[in-house]
Amino acid sequence: MVREIKFHLDENVSNAIAAGLRKRGIDVTKTPEQGLIAVSDQGKRI
């Protein structure tokens, strides 16, 4: 069974890190892209 690596990055993580991971085929979401800035970690459901 093949598993896909997925990451959700907080707003404090550099865009360059997200870009580098995406360039390597890793599924990445970022807090600002999901409209979750200032939402508590308990309130984040991705």
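Each row is one residue, and each column tells you yes or no for (1) in a loop (DSSP other than H, G, I, E, B); (2) surrounded by 10 or more Cβ atoms within 10 Å (Cβ to Cβ).
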| residue | (1), (2) |
| --- | --- |
| E4 | yes, no |
| H8 | no, yes |
| V13 | yes, yes |
| I17 | no, yes |
| G20 | no, yes |
| G25 | yes, no |
| V28 | no, yes |
| P32 | yes, yes |
| I37 | yes, yes |
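How many residues are in contact (Cβ under 8 Å) with a residue 24 or more places away in the chain and small (G, A, S) if we restrict to the range 1-16? Selection size over the range 1-16: 0. Out of the residues in the range 1-29 that are of a type in the set (D, E, K, R) and in contact with a helix residue (DSSP H, G or I) (Cβ under 9 Å, 6 or more places away or on another chain), state the one that is farthest from Q42 (Cα to Cα). My answer is D27.
No value in this document is a laboratory result; all are computed from the given coordinates. Remember, predicted model here, so these are calculated numbers, not experimental data. All Cβ positions, even for glycine, are placed from backbone atoms using ideal geometry, and neighbour counts span all protein chains on display.
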